[in-house]
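Let me begin by presenting the structure, written as structure tokens, before commenting on it.
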Amino acid sequence: MPNHSKDYFDTERNKDYKINPVPSYYIGKRFKYEARKVVSDFELGFNLGNAITYLMRSNNKHNDPRECIQKAINHLKFELEELNYKLNKKDNV
């Protein structure tokens, strides 16, 4: 079972989950893929998962997808920074 955020089981915060479990902009129109399930299935970490989620919703949440695309780019940069840090740390051992 994956680790969940502290808010995952917060019933007050998630009280309408059964009524409207996932906003429509997180679900694909043709095959009905759900962003969080794609991220989970590929076992992506935080930064890559967020980048994929932002890209998947980019044309559906707002009229202008640029904000979501920029957020995805930011998370990809964060991931590269983390990978570079780990590589440099490994090389310095």
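No lab work stands behind these numbers, since they all come straight from the coordinates. Small disclaimer: the values here were computed from a predicted structure and weren't measured.
Converting phi to 3J(HN,Hα) with the Karplus coefficients 6.51, -1.76 and 1.60 and the offset θ = phi - 60°, segment 41-47 yields 4, 8, 6, 7, x, 4, 5 Hz in sequence order, with x at every glycine or proline. Full extension of the chain between Lys61 and Lys89 yields a length gain of 6.2 nm, computed as 0.36 nm times the residue separation minus the alpha carbon distance.
In a fully extended conformation the segment linking Val38 and Leu80 would gain 13.0 nm over its present Cα-Cα distance, using 0.36 nm per residue.
Under the classification rounded if a/c is under 1.5, otherwise prolate if a/b is larger than b/c and oblate if not, where does segment 26-87 fall, given a ≥ b ≥ c as square roots of the Cα gyration tensor eigenvalues? Cα axes put segment 26-87 in the oblate bin.
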